[in-house]
């Protein structure tokens, strides 16, 4: 048999492929979080005149055909980046250039503490998947040395 379904070598690196897809997904999630933090005080976005809206990365499993003909999990990817529609923060600051007639300024719906907690989670997940890849590489190296 050929291809990934029947190739024992390809099947043995399945965990590495899954971890690599997770690395890519978590990197994208980190980019979204960084964008949120960078715009946490942006009161007017070009084109809309409204404050920045928080974004959230949404993951989706990648499925493939299993060796036995069923469906198999083969990775993860960012399905979409959705905009958080929660309310903007209202702050009374009549001196601010973006204050309305009441002296209220609308700030983004970004909570930097939440973003930092999400960032820690994303970085830890990234590190865990990187560890899976490194461990798989070490195991493959040891297996090749045993075969010599």
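We did not get these values from a lab; they are worked out from the coordinates using the rules stated. Just so it is clear, the structure is predicted and the values come from calculations on it, not from any experiment. Cβ placement follows ideal geometry from the backbone for every residue including glycine, while neighbour counts extend to all protein chains displayed.
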Among the residues of the stretch 133-147, are any touching a helix residue (DSSP H, G or I) at 6+ places or on another chain (Cβ under 6 Å), over 27 Å from residue 55 (Cβ atoms) and touching a residue at least 40 places away in the same chain (Cβ under 8 Å)? yes
Would you list the strands (runs of 3 or more DSSP E) that sit entirely within the stretch 44-148 and hold 2 or more residues that are surrounded by 13 or more Cβ atoms within 10 Å (Cβ to Cβ) and over 22 Å from the mean Cα position of the chain (by Cα)? 89-92, 104-107
